[in-house]
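All remarks here apply to the structure that follows.
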């Protein structure tokens with residue numbers, strides 16, 4: 001899910017104003033948990049909305065990230081902050097990701113019945 005989806009889940013309250021799902025964290029890794037399962041933030045997932053697919057749930061070991069090594073670099077800015085005695089850094093990383101065996105060749109979700117990852121789709 002993306003950040004907006006997690007914020008929307010955290011904002012859910014009952015009639016009295018109490019949170020329905022309290023934020024939980026894994027004590028050993030510090031990762032965010034949702035109903036006891038680890039949450040992975042992916043900015044390219046859709047926001048919550050009519051007909052959108054904002055959450056992929058399941059075995060995310062099939063989530064593959066490709067990093068372009070030639071596009072990864074760090075730039076140092078010595079002159080820009082010389083008046084304050086500071087040094088600035090800018091780092092860039094180019095990456096792409098995909099869930100394997102979850103989408104059809106056309107890109108639309110066509111999840112087989114035995115897929116380890118399921119999409120949760122909002123009602124239209």
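What follows is calculated from the coordinates using simple rules that are stated; it is not laboratory data. Owing to the predicted nature of the structure, the values given are computational and were not obtained by experimental measurement. Cβ: placed from backbone, ideal geometry, glycine included. Neighbour counts: every protein chain shown.
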So residue 33 clears everything in (1) closer than 28 Å to residue 122 by Cα; (2) touching a residue at least 12 places away in the same chain (Cβ under 8 Å); (3) surrounded by 12 or more Cβ atoms within 10 Å (Cβ to Cβ) except one condition, right? Which one?
-> (2)
Considering (1) loosely packed, with under 10 Cβ neighbours inside 10 Å; (2) under 20 Å from the mean Cα position of the chain (by Cα), say which one residue 56 fails and leave the rest.
-> (1)
Could you list, in sequence order, all residues of the range 36-86 that are in contact with a strand residue (DSSP E or B) (Cβ under 6 Å, 6 or more places away or on another chain), in a loop (DSSP other than H, G, I, E, B) and in contact (Cβ under 8 Å) with a residue 40 or more places away in the chain?
-> 53
Report whether or not residue 64 is farther than 19 Å from residue 121 by Cβ and surrounded by 10 or more Cβ atoms within 10 Å (Cβ to Cβ).
-> yes
